[in-house]
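Worksheet for the structure shown next.
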Amino acid sequence: VYRPLSVGSHAAVFVAAGSRPWASHLANVVCHAAVCALVVAVSRAFLPAGAALAAGLLFAVHPIHTEPVNYLVGRAELLAAVGFLLAWRLAQMERPFAAGAAYLLGLASKENAVGLPAFLLAGTWWFRRAGVGAGLAPARRQWRWPSYIPLVGAAGLYFLLRRLALGTLEPPAWTEYDNIAAAAPAIDRILTAIAALGRHLWLLVWPVHLSADYSYHQIPLVTSPATAGVWLTLLVLILACGYAWRRRLDRPEAGLGLLLFAVTYAPVSNFLFPIGTLVAERLLYVPSIGFCLFAVAVGRDAALFRPRGAPIGVAALLAVVVII
């Protein structure tokens, strides 16, 4: 792998505090706090203040983040999220060159930040369909195609540096012991990836039985589309997309959340190519932002964030945060 910013951050902490564990844990907590603040900041561009704060609080306390925040090597996920969200916020502020620089920092932390340009394109299209302005840029202007040039340039620079450092852009050759779907035929890999997506979605909704290790054969290879994990996952996705489309005019954050989840989950999904793991909670760190936006949309439809329901909404939100 090529993650110079993540590796550099560990080196910096070691120089400052030696091998004391508390220093590395503190660095991770600070990074997570920065991500939570950025979630509120980007959400505020298209959500009322209360709903944006709800999204940030839900993200801050979601148990699925136990692994990336407590697991010191999980700092790669945290720093990639900082770069991704900071670039998104700068794009909202129509500062494309600064957005490109932040995007490069995200890529230098972990390669799964690569989907930002695709997300900005998809999000801009979605907001236009919802009829609420010009997408992810402020409503007074549009995020025009020249603004993507710094992002494309940042991605090109990253892949060039990666090629120079590693000598290749080819991914490692994973075995079935790393990922049971890695050596399987393409159709079996995709079916297994769909079932793994279902497991990830369930962990987002009901994060009770968590694990830092989903090793070989905890997730079986799926060879039939009739498997319950496959068709149940597809049914949930169809229902979520149907809800987002139906509520696109009043709750555009639902569709935006689904797009964010899809774009950031795709590089680690095993759909496009196999990676070194099939199920891991740390892989959901950035995609879970999309889940939180979708959850806020559902909550707003339940009248939690309407003026008359504000006291109930605040009480319910505080209850959820305290319970988690």
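The values are calculated or read from the model by the stated rules, or taken from the named source; none is laboratory data. Quick caveat, the model's predicted, so the values are computed rather than measured. Virtual Cβ from ideal backbone geometry, glycine too; neighbours counted across all protein chains shown. Each accessible area value is taken on the protein alone, full model and side chains, heavy atoms only, with ligands, DNA and RNA left out. Shrake-Rupley method; radii C 1.70, N 1.55, O 1.52, S 1.80 Å.
3J(HN,Hα) along region 227-235: 4, 4, x, 6, 6, 5, 4, 5, 5 Hz, from the Karplus curve 6.51 cos²θ - 1.76 cosθ + 1.60 with θ = phi - 60°, whole Hz, x for Gly and Pro. In this rough spin-label picture, where each label sits 7 Å from Cα along the Cβ direction, the Tyr177-Ser224 distance is 3.0 nm.
Suppose every K and R has +1 on its Cβ and every D and E has -1 on its Cβ; what is the size of the dipole of the chain about the Cα centre, in Debye to the nearest 20? Write down the numbers at each step before the final one.
On the way: 24 positive and 13 negative charges, 247 e Å.
Charge dipole, the chain, about its Cα centre: 1180 debye, nearest 20.
The calculated FRET efficiency for the pair Val236 and Arg129, based on their C-beta separation and a Förster distance of 22 Å, comes to about 0.50. For the options Pro150, Pro63, Pro220, a Gaussian network treatment of the chain with springs between C-alpha atoms closer than 10 Å singles out Pro220 as fluctuating the most. In order along region 17-28, phi translates into HN-Hα couplings of 9, x, 9, 5, x, 4, 5, 5, 5, 4, 4, 5 Hz, rounded to whole numbers, per the Karplus curve 6.51 cos²θ - 1.76 cosθ + 1.60 with θ = phi - 60° and x for Gly and Pro. Summing charges over neighbours of Val230, with a neighbour being any other residue whose Cβ is under 12 Å away from its Cβ, gives 0 when K and R count +1 and D and E count -1. Sort region 41-101 into rounded, prolate or oblate with this rule: let a ≥ b ≥ c be the square roots of the eigenvalues of the Cα gyration tensor; rounded if a/c is under 1.5, and if a/c is not under 1.5, prolate when a/b is larger than b/c, oblate otherwise. Oblate, because a/c is 1.5 or more while a/b does not exceed b/c. The calculated FRET efficiency for the pair Trp22 and Leu210, based on their C-beta separation and a Förster distance of 25 Å, comes to about 0.60.
How large is the dipole of region 139-264 about the Cα centre if only Lys and Arg carry +1 and Asp and Glu carry -1, each at its Cβ, rounded to the nearest 20 debye? Provide the component values of the computation, followed by the final result.
Details: 11 positive and 7 negative charges, 174 e Å.
Roughly 840 debye for region 139-264.
Report the calculated FRET efficiency for Met93 and Ala165 (r = Cβ-Cβ distance, R0 = 41 Å), to the nearest 0.05.
Details: r = 32 Å, r/R0 = 0.78.
Computed FRET efficiency for Met93 and Ala165: 0.80.
The loop-placed chymotrypsin sites (Phe, Trp or Tyr not before Pro) in region 79-123, going by DSSP, include none that has at most 15 neighbouring Cβ atoms within 10 Å of its Cβ. With all protein chains in place and a 1.4 Å probe, the accessible surface of region 13-172 carries 69 percent carbon and sulfur. Evaluating 6.51 cos²θ - 1.76 cosθ + 1.60 at θ = phi - 60° for every residue in region 108-123, the Karplus couplings come out as 6, 8, 6, 5, 6, 7, 4, x, 4, x, 5, 5, 4, 4, 5, x Hz, glycine and proline recorded as x. How much net charge surrounds Val73 when only other residues with a Cβ under 14 Å from its Cβ are counted (Lys, Arg +1; Asp, Glu -1)? Local charge sum for Val73: 0. Site-free segments of the chain were taken between trypsin sites (Lys or Arg not before Pro) in DSSP loops having at most 15 other Cβ atoms within 10 Å, sites themselves excluded; the longest one is 145-324. Taking the accessible area of region 194-292, probe 1.4 Å, and keeping the other protein chains in place, the carbon and sulfur fraction comes to 70%.
Per-residue packing, averaged as other Cβ atoms within 10 Å, sorts the ranges 9-18, 230-239 into the order 230-239, 9-18, beginning with the highest. For the chain, modelled as a GNM whose springs connect Cα atoms under 10 angstrom apart, the maximal fluctuation among Ser109, Ser215, Ser269 occurs at Ser215.
Give me the 1.4 Å probe accessible area per residue for the chain, excluding ligands and nucleic acids, in Å². Walk me through the intermediate numbers first.
Numbers: 15530 Å² over 324 residues.
Each residue of the chain exposes 48 Å² on average to a 1.4 Å probe.
Considering the options Leu234, Leu258, Tyr216, tell which one lies farthest towards the positive end of the dipole of region 175-311, charges being +1 on Lys and Arg and -1 on Asp and Glu at the Cβ, about the Cα centre. After comparing all options, I get Leu258. Toward the positive end of the charge dipole of the chain, with +1 on the Cβ of Lys and Arg and -1 on the Cβ of Asp and Glu, the farthest Cα among Pro171, Val13, Gly290 is that of Gly290.
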